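*Asks:* One structure coming up, written as structure tokens, with questions to follow.
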Amino acid sequence: DDLEVMHQPSSSNEEAALKCKITGTFFEDPVQNVICKHTYDRSGLVHLKRGGNPKCPITGCPNDRLDQVEDDVEMKLKVQHYKKKLERMKAREEEEELDGQQEQEKQEDDNDGYGMTVIQ
């Protein structure tokens, strides 16, 4: 028999890579630091800069410049693709649940006669 390995789109590593390390949420408006290449959400970066922290928030990164960023279009597309994948999975699960409920109702309807035949 062949063994089929399925990639789980909701893996925690994949999801973590699509979230801002500052906000902890999926990137909405991702920007990439041109110096260290780390990506942040613009809102998180603004918050961090207001707090007076001029360093990259990624642990171990020596970059102390947060003023040189550019839009990270690739990350934005990755997040959009991932969210669509999650929506499709959720819709499929809801459809399977509905199918299961309908099958159960059909079986209950079929059993209304309690499986007995009345003979006169």
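The values are calculated or read from the model by the stated rules, or taken from the named source; none is laboratory data. Every value quoted in this text rests on a predicted model; they were computed, and no experiment measured them. Neighbour counts run over all protein chains shown; Cβ positions are idealised from the backbone, glycine included. Note: areas computed on protein heavy atoms with side chains; ligands, DNA, RNA excluded. Shrake-Rupley method; radii C 1.70, N 1.55, O 1.52, S 1.80 Å.
*Asks:* Kindly indicate which of Pro57, Pro62 is surrounded by fewer than 10 Cβ atoms within 10 Å (Cβ to Cβ), at negative phi and not in a helix (DSSP H, G or I).
*Replies:* Numbers: Pro57 fails: surrounded by fewer than 10 Cβ atoms within 10 Å (Cβ to Cβ).
The conditions single out Pro62.
*Asks:* Given the options Ile35, Ile58, name the one that is of a type in the set (A, V, I, L, M), within 24 Å of Gln80 (Cβ to Cβ) and touching a residue at least 12 places away in the same chain (Cβ under 8 Å).
*Replies:* Values: Ile35 fails: within 24 Å of Gln80 (Cβ to Cβ).
Of Ile35, Ile58, the one residue that is of a type in the set (A, V, I, L, M), within 24 Å of Gln80 (Cβ to Cβ) and touching a residue at least 12 places away in the same chain (Cβ under 8 Å) is Ile58.
*Asks:* Among the residues of the range 25-45, are any at pLDDT below 90, open to solvent by less than 80 Å² (accessible area, probe 1.4 Å) and in contact with a Lys or Arg (Cβ under 8 Å, 6 or more places away or on another chain)?
*Replies:* Quick first cut of the range 25-45, residues at pLDDT below 90 only: none.
No, there is no match, as no residue in the range 25-45 is at pLDDT below 90, open to solvent by less than 80 Å² (accessible area, probe 1.4 Å) and in contact with a Lys or Arg (Cβ under 8 Å, 6 or more places away or on another chain).
*Asks:* Something else about it: Looking at (1) among the aliphatic types (A, V, I, L, M); (2) modelled with pLDDT of 90 or more; (3) open to solvent by less than 90 Å² (accessible area, probe 1.4 Å), can you tell me which one Leu48 breaks?
*Replies:* The one condition Leu48 does not meet is (2).
*Asks:* So Asp71 clears everything in (1) under 14 Å from Lys21 (Cα atoms); (2) open to solvent by 60 Å² or more (accessible area, probe 1.4 Å) except one condition, right? Which one?
*Replies:* Unmet for Asp71, out of (1) under 14 Å from Lys21 (Cα atoms); (2) open to solvent by 60 Å² or more (accessible area, probe 1.4 Å): (1).
*Asks:* Please give the number of the condition Arg92 fails out of (1) open to solvent by less than 70 Å² (accessible area, probe 1.4 Å); (2) at pLDDT 85 or above.
*Replies:* Among (1) open to solvent by less than 70 Å² (accessible area, probe 1.4 Å); (2) at pLDDT 85 or above, Arg92 violates only (1).
*Asks:* Across the range 1-22, what is the number of residues that are in a loop (DSSP other than H, G, I, E, B), modelled with pLDDT under 95 and either within 23 Å of Pro54 (Cα to Cα) or among the polar types (S, T, N, Q) (or both)? Quick ask: steps written out before the conclusion?
*Replies:* Looking only at the range 1-22, we keep the residues that are in a loop (DSSP other than H, G, I, E, B), and these are 1-11, 18, 20-22.
Add one more test, that the residue is modelled with pLDDT under 95, and what stays is 1-11, 21-22.
Keeping just the survivors that are either within 23 Å of Pro54 (Cα to Cα) or among the polar types (S, T, N, Q) (or both) gives 8, 10-11, 21-22.
Number satisfying all stated conditions: 5.
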